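Following: one structure in structure tokens, then a few remarks.
The values are calculated or read from the model by the stated rules, or taken from the named source; none is laboratory data. What you see is a predicted model, and the numbers here were worked out from it, not measured in a lab. As a convention, Cβ positions derive from the backbone with ideal geometry for all residues, glycine included, and neighbour counts pool all protein chains shown. Areas reflect the complete protein model, heavy atoms only, side chains present, ligands, DNA and RNA absent. Shrake-Rupley method; radii C 1.70, N 1.55, O 1.52, S 1.80 Å.
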Amino acid sequence: MNQQTLVLIKPDGLKKSLTGNILTRLSETKLEIVACKIVKVSRELAIEHYKHMQDKPFFEELIKYIQGEMHDRKKVMAMVYWGVDAIQKVRQLAGATNPEEAESTSIRGSFGRITTKGLYENALHASTNEQEAEREIKLWFDPDEIIVDLYPTKIQEVKDTQKRVWV
Ligand code: CDP
Ligand code: MG
């Protein structure tokens, strides 16, 4: 069944120049990239993305981590991968959340680490199920930033709004 999944190359992945590596590994899946951008992650976006982790003792660290404050890289690369069994295929290649438990050949097993504070820096994020994928894709992307129609959309009149444009 065709699915879509959100993939984020996290700031540690960018800092370690792993983008090419990760994209090459993900290309083994033969899935299609249908959206891609570099995002400067606001605190609001970080909190919304990780809202299921709000009660964890490392929540503040996690928010700083995804915002890039620990790696002097205040950005992440956000992508939507699409195709047959996309969610499971990407999670499989990503490996377990804990990089020490992840298979050594997986992306997280190869490139992740646990910080001295106990935070898992695992180079990439991948949605866990269809519900989460929908929530996350809608959070990170507008419909027009994705080249296929994944979810229903509507046209909304937006009056008196300001938008930055090229001079
Ligand atoms: O990213 P994944 O879906 O595999 O795991 P999660 O349970 O949704 O946790 C989100 C992120 O929180 C992880 O990717 C880790 O960066 C971090 N985390 C951590 O540092 N320590 C844990 N015990 C669990 C998660
Ligand atoms: Mg998760």
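Can residue 83 be described as open to solvent by less than 100 Å² (accessible area, probe 1.4 Å), out of contact with any strand residue (DSSP E or B) (no Cβ under 9 Å at 6 or more places or on another chain) and not hydrophobic (A, V, I, L, M, F, W, C)?
no
Out of 16, 117, I need the residue that is modelled with pLDDT under 95 and over 20 Å from residue 145 (Cα atoms). Which one?
Answer to the selection: 117.
Residue by residue, here is whether (1) assigned to a strand (DSSP E or B); (2) over 23 Å from residue 134 (Cβ atoms) holds:
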residue: 4; (1), (2): yes, no
residue: 14; (1), (2): no, yes
residue: 21; (1), (2): no, yes
residue: 48; (1), (2): no, no
residue: 66; (1), (2): no, no
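Looking only at residues that are among the aliphatic types (A, V, I, L, M) and over 12 Å from the mean Cα position of the chain (by Cα) in region 46-65, which one is surrounded by the fewest Cβ atoms within 10 Å (Cβ to Cβ)?
Filtering first and then ranking leaves 53.
All but one of (1) more than 13 Å from ligand 2 (Cβ to nearest atom); (2) closer than 19 Å to residue 20 by Cα; (3) at pLDDT 95 or above; (4) not small (Gly, Ala, Ser) hold for residue 55; state the number of the condition that does not hold.
Just one mismatch for residue 55, condition (2).
Please state which of the following conditions residue 128 fails to meet, knowing it meets all the rest: (1) within 15 Å of ligand 2 (Cβ to nearest atom); (2) over 15 Å from the mean Cα position of the chain (by Cα); (3) of a type in the set (S, T, N, Q).
(2)
Just checking, how many residues over region 94-137 are in a helix (DSSP H, G or I) and of a type in the set (Asp, Glu)?
So the answer is 4.
Search region 75-111 for residues being free of Cβ contacts under 8 Å to residues at least 40 places away in the same chain and touching an Asp or Glu at 6+ places or on another chain (Cβ under 8 Å), and hand back the single one that is nearest to ligand 2 (Cβ to nearest atom).
96
Is it fair to say residue 26 is closer than 15 Å to residue 93 by Cβ and without any contact (Cβ under 8 Å) to a residue 60 or more places away in the chain?
Here the answer is no, as residue 26 does not meet what is asked.
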